[in-house]
Structures are given as structure tokens and as C-alpha cells.
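The values are calculated or read from the model by the stated rules, or taken from the named source; none is laboratory data. No experiment lies behind these values; they were computed from the predicted model shown. All Cβ positions, even for glycine, are placed from backbone atoms using ideal geometry, and neighbour counts span all protein chains on display. In case anyone asks, the SASA skips ligands and DNA or RNA and just uses the protein heavy atoms, side chains included. Shrake-Rupley method; radii C 1.70, N 1.55, O 1.52, S 1.80 Å.
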Amino acid sequence: MNENKNVLICIGTRPEAIKMAPVYFEFLKSGYNTKLCVTAQHRDLLDQVLHFFKMTPDFDLDLMTPNQTLNMLSSRILEGIDNIFIEQKIDLVLVHGDTTTSSVIALAAFNRKIKVAHVEAGLRTYNKQSPFPEEMNRQLTGRLADFHFAPGETANQNLKKEGVLVNNILVTGNTVIDALKITSTILDEGFNNTIIQNLNEKIDFNKKIVLVTGHRRENFGEGFESICNALVEISKDSDVELVFPVHLNPNVQEVVYKRLSNLPNVHLIAPLDYPTFIWIMKKSHLIISDSGGVQEEAPTFGVPVLVTRTVTERQEGITAGCSFLVGTNKIVIVTKAKEILSKSKDYNKTINPYGDGNASKKIVDFFKSRTW
Ligand code: UD1
Ligand code: UDP
């Protein structure tokens, strides 16, 4: 009888789209009446991913506004999603991770007595300010959710400590690895596009590639200034090419373009579509990033990550020696970067601690194996 149920998968930003794409495809195969709703909290970055995975949303709230505030975005999501809940008679909503889209939709579903499943559940720093607002988004979504898909054992333990019933948790691995599996196959088949051709023209891939990303709110201002100063210092090594696809958040764009334009071996480029980003990740010697997803992906290719944050909820990579917490201090970043750049590229190949690529199937099997 589960098969007649209406399932709504809700996403809003680039990482949610990447990590929920394999879950969406698995649900489509499952026989459940599955629909996709995007809030478009991100517009451009989301559309890049939808295009690559050939996902067509059934509902598009199209909410993004330039430099949006968290509260304005939240109120618009609450209003927009409620109509869909009412009209579509939704039985189960799946949300992902830690965004405003996830926590607000979880609340809206709870208010309508719709069951909530949380994918990438249980990640915690227990520091309300870092990552901000993601830590509280995770905790709120966790309290509202009925079913919790933990990417790993630490997350599982966090949920249990918080009193979530064991029966409602499943440890699945992170779905980002499922997405990476799909993408790696496409890359192995000889993926190419005009962006890759342009990159090949302007970047000397015989040099050591340092890939950089950044977008965390807690780093806005001083933190980003300091990271940029570190990048200027690292770029003084003429054997290095820095490639920085700059996030579209105006708070990031402003400081990065002001501080790093016109340096010969610093390439500030538009955000890359997902397969192209993975293509360049594979070629990188080092990554400097505050991204959650990037920390999870890089170990697959043995590329070390300097995590420009003071805390991380992805401790597995640190423990395995795949990533290093460096914060935003210029000297710490430069010292660690130089150390890694002085070694060969096969610096640290290990099994990716974040998953085995079968998380999405485990999630769907969970629902098939029980009445809900
Ligand atoms: C959001 C998430 C963060 C996630 C990150 C992934 C929240 C509170 N933040 O942060 O958890 O790690 O996405 O990238 O949910 N913009 C565009 N085009 C886009 C995307 C963003 O122009 O495609 C600009 C807009 O001006 C927008 C601003 O960036 O208002 C901020 O977007 P928002 O989603 O609020 O925050 P992010 O910093 O992207
Ligand atoms: N990514 C991408 N293009 C880029 C930078 C990142 O497709 O130019 C992908 C990356 O592979 C990862 C995800 O975006 O899967 C991470 O997104 P982001 O860093 O914005 O968010 P977070 O993971 O920190 O929530």
C-alpha cells in the first residue's frame, strides 16, 4: 500500500541538487508517485545541476532574489510550499542537509502533519555560530524529521544522543558519492565542453593546480580578506596555478574580485558546472575550500583539502588525513599549502570515508521495507 503514496523531493541550492539527484532517480524507479520541487533559493547554480542531471522540476517556486536575507527567503518558502502541500496531497517530504530550504520546508511539512525524511542527517558542530546558519538548520530539521538518513557513524551517534529512535535512523553513507559515481562514469567516457577547452587554453596544467572555493557566511568580511591574502602569497610560487570558481553570493564576489584580480597565475572564473568542477578537482594538487561537499568528494581523487573553517562537522576526513582544518589565518594557510605543494601529487590516496555510492538505494529500500 506504500506504493500509492505521494513523495515530494525538495531542493533549493547547488549542493542539495547534486546530493539529491541520485535519491530522486532511485525514487522515480521505486513506483512511488514521486515529484520534484525546487525553491530555487539558488537560481543559476541550481539550474547548472538540473541541466546536467536532466532533472525537470514539477514545481519551481523561483524564489531567489539578489543578496536575499534569510528571513525574507524563509517567509517566501513557507508561503510557496504550502500551496503545493495542499494541492498535491503529499504524504512524505524529503529534504537535504542544512539549508534554509531544508529547515523551512521541514517546518511547513510538520505544520501540515506530513512526514519528513532528512537526508544527510545528524551532522553537528554543536556551535550555533559555525557554520551559520547551517548548524541550527540541521538541528531544527533533525527535530522536525520522522526519518533520518545519517551519512556516517558519527552522525548516527549524534542523533541517538539527541534521543532519536534507532528504528528511525539509517546509516547510508553520503549520497554525494552516489552522484560522484554517476559523474565519474561520464568523465571516464571522455567528457568535454567549451569551458574545458577554454580552461586548457588559459591554464598551464603542467603546473601544480590549486583549486579554491569559498562561500561560508561566518567567513564574510575579515575571514575572506585573510584567505585572499593567503592566496596572494601562495600565488608567488610561479610553479602554481590557482583556479577559483567564485560563488555568486555578492559578499564573496566583491572581496575576491577586489583582492585577486590581475594576478597572472590566479584564475578567477564563474562557478563551474558540476562535471567540469569534478574534472578540474581530479587534476588538482591541492584544494583550499570551506565547502562541505568538496571535503567529501576530494578523498575519492586523493586530493588534500585545506578547510578554511574553525570547525567542521566532517571530522572523518580530518581523521583519515584527507583534509586539514586551517581556519582563515593567513600564516597557517600558507604554511600548510607550501608543505603540501612541496610533495608529490600522490600525497595521500585513501578510501573515501564518506560513502560507497549506494546511499540512495538504501534510502528507498528503507521505505519499501516498512509501513509508514
Ligand atoms: C546557501 C546555503 C548554504 C550552502 C550554500 C551552497 C543557506 C542559509 N545557505 O548559501 O548552506 O552551503 O548555499 O552554495 O541555506 N546567488 C546568485 N545565484 C545563484 C546562487 C546565489 O546570484 O545561483 C546569490 C544571490 O544574490 C543570493 C545570494 O547569492 O541572494 C545568497 O544565496 P543564499 O542561498 O541565500 O546563500 P548562499 O551563501 O548561497
Ligand atoms: N561545485 C560545482 N561547481 C563549482 C564549485 C563546486 O559544481 O564551481 C560542486 C562541488 O562539486 C560540490 C558542491 O558544488 O558537490 C558543493 O557546493 P557548495 O560548496 O556551494 O556547498 P556546500 O557543500 O558547502 O554546502
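Points to keep in mind about this one:
- Solvent-accessible surface ranking, highest first, for E222, E120, E79, E162 at 1.4 angstrom: E222, E79, E162, E120
- Measuring spread by the Cα atoms of the stretch 284-329 yields a radius of gyration and Dmax of 9.2, 27 Å.
- Computed as a quarter of the hull surface, the mean projected area of the alpha carbon convex hull for the stretch 64-153 stands at 6.1 nm².
- Both the radius of gyration and Dmax for the chain are 20.2, 64 Å, in that order, over alpha-carbon atoms.
- Per the Kirkwood formula applied to alpha carbons, the stretch 329-372 shows a radius of gyration over Rh ratio, Rg over Rh, of 1.39.
- In this structure, the amide hydrogen of G12, modeled 1.01 Å from its nitrogen in the peptide plane, lies closer than 5 angstrom to those of A17, T39, counting only residues at least 5 positions away or on a different chain.
- Once the Cα atoms are used to define both axes, helix 175-188 deviates from the longest principal axis of the chain by about 60 degrees.
- P(r) tail for the stretch 248-310: Cα pairs beyond 18 Å make up 45% of the total.
- Between S75 and T350, the modelled labels are 4.7 nm apart [label points 7 Å from Cα along Cα→Cβ].
- Hypothetical label at F191: residues of the stretch 237-253 whose amide nitrogen lies under 20 Å (7 Å Cα-Cβ projection): 243-248
- Cβ-Cβ FRET estimate between N111 and D44, R0 fixed at 25 Å, reported to 0.05: 0.25
- The stretch 4-75 - percent of accessible surface contributed by carbon and sulfur, probe 1.4 Å: 52
- Sequence-distant contacts, meaning Cα pairs under 8 Å at least 6 residues apart, place the relative contact order of the stretch 198-342 at 26 percent.
- Its residue count N fixes a reference of 2.2 N^0.38 Å for the stretch 1-101, and the Cα radius of gyration divided by that reference is 1.04.
- Taking the chain and dividing mean pair separation by its residue count, relative contact order in percent (alpha carbons under 8 Å, at least six apart): 16
- Taken over the stretch 195-265, the ratio of Cα radius of gyration to 2.2 N^0.38 Å equals 1.13.
- Inter-label distance for S342 and N168, nm, one decimal - labels placed 7 Å from Cα along Cα-to-Cβ: 5.2
- Whether the stretch 266-353 is rounded, prolate or oblate, judged on the alpha carbon gyration tensor where a/c under 1.5 counts as rounded: rounded
- Placing +1 on the Cβ of every Lys and Arg and -1 on the Cβ of every Asp and Glu, with no other charges, gives the chain a dipole of roughly 540 debye about its Cα centre.
- Per residue, the chain exposes an accessible area of 42 Å² to a 1.4 Å probe, with every protein chain left in place.
- Convex hull of the stretch 133-221 built on C-alpha atoms - directionally averaged projected area, nm²: 9.7
- Filtered chymotrypsin sites (Phe, Trp or Tyr not before Pro), the stretch 202-247: DSSP coil and at most 13 other beta carbons within 10 Å: F205
- Rounded to the nearest 10 square angstrom, T310 shows an accessible area of 110 square angstrom against a 1.4 Å probe.
- Overall form of the stretch 91-143: prolate. Here a/c, set by the Cα gyration tensor axes a ≥ b ≥ c, is 1.5 or more, and a/b is the larger of a/b and b/c.
- GNM remark for the chain: springs join alpha carbons under 10 Å apart, and the peak mean-square fluctuation among N352, N193, N168 falls on N193.
- Cα centroid separation - the stretch 202-223 against the stretch 54-132, whole Å: 29
- Helix 100-111 axis, angle to the chain major axis (alpha carbon atoms, nearest 10°): 10
- Förster radius 35 Å - calculated FRET efficiency between E3 and M136, Cβ distance, rounded to 0.05: 0.45
- In the complete set of protein chains, residue-level accessible area for K258 is approximately 140 Å², probe 1.4 angstrom.
- Tilt relative to the chain, helix 134-144 - C-alpha long axis, 0 to 90 degrees, to 10: 20
- Largest first and in whole Å, the equivalent-ellipsoid semi-axes of the stretch 181-223 read 28, 17, 10, each the square root of five times a Cα gyration tensor eigenvalue.
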